Amino acid sequence: MNGPAIAVTGLGMLTPAGIGVEATWEGVLDGKPTAATSAQLAGLPVDFCCSLPPLDAADVLGRRTAHRLDRSSQLAVIAAKEALRNAGLDPDTWDGARVGVVIGCGVGASHTWETQGRRLQEFGPRRVSPLLLPMIGPSTPAGEVALACGAQGPSLATGTACASGATAIVIARDLLTSGQCDVVIAGGTEACNTPLIVTGLAQLGALSVRCDDPASASRPFDQARDGFVLGEAAAILILERAKDAVTRGHRPRALLAGCGSTTDAYHPTTPHPEGRGIKQAMLTALTDAGMSGSDIGYVNAHGTSTRLNDAVEAHTLRAVLPHGPQVTSTKGVLGHSLGATGAVEAALTVLSIQHSLIPPTANLTTPDPDIDLNLVTKTAVRQRVAAALSNSFGFGGHNVVLAFRTS
């Protein structure tokens with residue numbers, strides 16, 4: 001990568017495995033699936049998902065702030081505040097004009113859309129909240145994070161479907177290397193475990209239908225996989241130029257070494273059958289990082305638990321990384337949080353590098369015989385990870401690969 005080294009100096013996460021980075025990391029290492037039947041999905045063909053543990057947003061953010069935010073924005077703000085604490089940064093002391101925010105979201109404010117839509121139909125227009133438009137805008141999570149943190153630099157929203165959170169990290173890197181910002185708060189958020197979104201995904205045939213055993217439904221790369229499980233999450237990474245972090249006395253968790261972004265231009269929802277866009281994104285990330293494939297010791301795969309996506313990704317991984325690095329998908333535990341998942345998995349990849357631990361792929365009991373990967377199963381593997389890739393792919397053919405290395 002041309003330009004200054006970019007450091008990850010802070011992390012914030014809320015996922016179905018736990019509230020906060022430590023709780024999430026412990027849950028992912030434990031490998032226990034979080035999918036469960038959901039009361040709000042009762043009566044639907046797919047009535048389960050991966051939900052956050054109980055969270056009182058009003059207690060964390062204050063009642064008035066929580067009231068005016070959709071759940072997706074609530075999660076983004078809470079994760080951002082944890083990430084800033086983790087990075088040792090105080091918004092009261094920085095130059096806000098030099099701080100940027102980039103937040104990805106794939107679907108957006110579905111809780112607010114559905115709730116307010118029902119109010120209109122059942123009670124008429126007077127019962128629709130005057131806050132509706134400020135709550136549902138695609139840029140709202142980024143704007144609210146900027147407001148909460150006093151970030152007055154560029155504030156952007158990325159929308160590349162399930163790669164949105166990873167795209168946000170790519171844009172953040174560019175803001176730092178161009179000199180526009182000194183700190184960027186970047187990541188993704190998604191909270192759409194709602195009846196309409198679940199129904200739409202089920203109608204598309206994308207979701208697992210194991211309603212009798214939700215915990216075993218998300219099974220990336222397994223022979224018996226039958227679709228993904230929808231999840232909700234938010235993850236924020238604090239990115240800075242490495243030299244700036246060192247100057248202020250903060251040791252980076254890892255370095256963002258390279259990025260690769262491509263588009264399949266093949267089909268609205270189906271990946272290219274030969275994985276051409278995925279392959280090019282991986283190769284671009286490696287070139288950008290100044291690495292060869294043999295440098296990669298671990299891949300946090302997109303691994304959705306769908307028949308075609310897992311097969312295409314596995315074939316491409318084998319072609320680009322024939323030496324067989326360790327591969328895992330954390331969606332077996334967390335489900336698929338759409339626009340947030342790229343940021344969640346980037347954060348988990350950073351943690352793997354920092355702690356020399358690779359999480360297992362939950363529910364991977366019978367690996368697909370057509371998938372030839374060095375898959376981590378059952379228990380976490382302790383292994384030094386000098387360099388790793390985090391893969392994110394989305395509807396519309398969006399492909400983003402992030403390369404991380406030790407600091």
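Laboratory data are not the source of any read-out in this text; all were calculated from the coordinates shown. The model shown is predicted, which means the values in this text are computed figures rather than measured ones. We place every Cβ from the backbone using ideal geometry, glycine too, and count neighbours over all the protein chains shown.
Starting from residues that are over 15 Å from the mean Cα position of the chain (by Cα) and among the aliphatic types (A, V, I, L, M), keep the ones in the range 79-89 and report whichever is nearest to Pro252 (Cα to Cα). Going through the qualifying residues, I end up with Ala87. Is it fair to say Asp92 is acidic (Asp, Glu), in a loop (DSSP other than H, G, I, E, B) and either under 29 Å from Leu196 (Cα atoms) or more than 18 Å from the chain's Cα centre (by Cα) (or both)? Yes, satisfied.
For the residues Ala79, Ala83, Ala172, Ala97, the requirement of being of a type outside the set (Ser, Thr, Tyr), surrounded by fewer than 16 Cβ atoms within 10 Å (Cβ to Cβ) and part of a helix (DSSP H, G or I) singles out Ala97. Of the residues making up the range 154-174, those that are among the small types (Gly, Ala, Ser) and touching a helix residue (DSSP H, G or I) at 6+ places or on another chain (Cβ under 6 Å) number 6. No other residue among Gly275, Gly324 is of a type outside the set (A, V, I, L, M), free of Cβ contacts under 8 Å to residues at least 60 places away in the same chain, surrounded by 22 or more Cβ atoms within 10 Å (Cβ to Cβ) and more than 24 Å from Pro33 (Cα to Cα) apart from Gly275. Residue under question is Ala234, and the condition is that it be within 29 Å of Arg318 (Cα to Cα), of a type in the set (Gly, Ala, Ser) and touching a residue at least 24 places away in the same chain (Cβ under 8 Å); does it hold? For Ala234, the condition - within 29 Å of Arg318 (Cα to Cα), of a type in the set (Gly, Ala, Ser) and touching a residue at least 24 places away in the same chain (Cβ under 8 Å) - is not met. For the range 100-147, the tally of residues that are over 30 Å from Glu240 (Cα atoms) and not in a helix (DSSP H, G or I) stands at 5. Only a single criterion out of (1) touching a strand residue (DSSP E or B) at 6+ places or on another chain (Cβ under 9 Å); (2) under 24 Å from Val350 (Cα atoms) is not satisfied by Cys49, namely (2). Just so you know, in the range 281-290 the residues that are touching a residue at least 40 places away in the same chain (Cβ under 8 Å) and within 22 Å of the chain's Cα centre (by Cα) include one that is surrounded by the fewest Cβ atoms within 10 Å (Cβ to Cβ), and it is Thr284. Restricting the range 126-143 to residues that are in contact with a helix residue (DSSP H, G or I) (Cβ under 6 Å, 6 or more places away or on another chain) and closer than 23 Å to Glu345 by Cα, which is surrounded by the most Cβ atoms within 10 Å (Cβ to Cβ)? Among those that are in contact with a helix residue (DSSP H, G or I) (Cβ under 6 Å, 6 or more places away or on another chain) and closer than 23 Å to Glu345 by Cα, it is Pro141.
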